[in-house]
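What follows is calculated from the coordinates using simple rules that are stated; it is not laboratory data. Treat the numbers as computed from the prediction; the structure is a model and nothing was measured. Cβ: placed from backbone, ideal geometry, glycine included. Neighbour counts: every protein chain shown.
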Amino acid sequence: MRYDISFQIAVALILGLLIGLQREIYYRRNNRKEFAGTRTFALISLLGYLSAWLNTQISWFLPAMLLIFGLLVITAYGYKLFYSKAKGATSEIAALITFTLGVMVHEGLWKYALFLAVILVTLLEFKSKFLLFEEHVAPEDSEAAILFLAMTFVILPLLPDKTVDPFGVFNPYQTWLMVVLVAGISFIGYIAIKILGTKRGVYLTGIFGGLVSSTAVSITLSKLYALRQNYLKNYAGGIAIASTFMYLRVLFEASVFNFALAKKLAIPYLGAAVIGLLYVFYLYRTSASHKVAEESIQNNPLALSEALKLGLLFGLILGSIGFFQERYGNAGVYIVSALSGLTDVDAITLSLSKLAGNKIDDLTAIYGIVIASAVNSVVKLGIVFTLGGKKLGAWMSLFYLLTIGAMGGLLFIL
């Protein structure tokens, strides 16, 4: 019993010290003074623990101490606001949370308290990163994200989770779920590119741009190389890493809807990705550092118009697969895959992953995804030759020859 109490008190003190230390470092870094530092936060956590402990003997003790402590925090905030002219209530809210964490430790929830303390410290420490995020994200971007989230969590549950077309393939709920997945991945890359600022490395552009659209990266970097006619390996590396991320993205998307299919795709697609990364590494080691100033992605993937386009594309592809397969068998699936690959691989990957094992066999779905990936790669290579010229096209030809060759060769292992 004594050991349990000692352990809980130690945990409560550690939680307070952890949070207080972060606050203390932040104050000194910004030449500020606040009402609580390292020792005070440790005492606040201990106060929360003792209040919960004594509440087992005096039923009103915890609510009373919470009220008193809350009034103390409000007083400290008022003093800061009116006398120090400082704004923000981050430390005050953190103090209230620290008090609550101490209570949780007493109630035997010390693991959850530790988890929440780590989250709190992380949020406090990354304030500058959040400010950078706010600076680079336009109001229309946040509005689009909010609208999209509302449509997802409000409308998605209302959509029928059953097929509604004569071919038995179009499911409104599953289709919109695909839109959520693709747009969410794309939005991560979109925001990352904006936060990186107006000057960023070509390779970083390729990495995050590849999350949005490797085709868009191919267009942008090919145009930039054509204008400058220098840093050849940098631009080739940026396009190559964006295309490499396409292989990883396909594998991830397939795993969401059909993990069994994704396991079969893993060998050829991971093999292509490894070859691609080795190629990029060679280009990186043999090229000089270079920055680009242009934005590679302009359209917010969470904008309502973009989401509706995705939804329409998914529905069209699902319907087309059913139509062509009924008339032409597996060859019809391959036709739709090739046509889909002319624009992107997301829609066909998710569509075939959903249908595999149900409407079509796994091998047909795998071949369809590979065909779409190969066609999309050929399209990007054509873009590079057209916009970037022969030199850039030659480097990318070798990249696609190696990666598609590896993917095709490893496909026979299945």
What is the projected area of the convex hull of the Cα atoms of the range 2-125, averaged over all directions, in nm²?
7.3
Contour minus end-to-end for residue 266 and residue 361, with contour as 0.36 nm per residue of separation and end-to-end as the Cα-Cα distance?
32.5 nm
Using only the Cα atoms of the range 334-382, construct the convex hull and provide its projected area averaged over every direction, in square nanometres to one decimal.
2.8
Could you please rank 65, 246, placing first whichever residue has the fewest other Cβ atoms within 10 Å of its Cβ?
65, 246
Mean projection area, nm², convex hull over Cα of the range 218-273:
4.2
What whole number of Å gives the distance from the Cα centroid of the range 55-115 to the Cα centroid of the range 213-250?
51
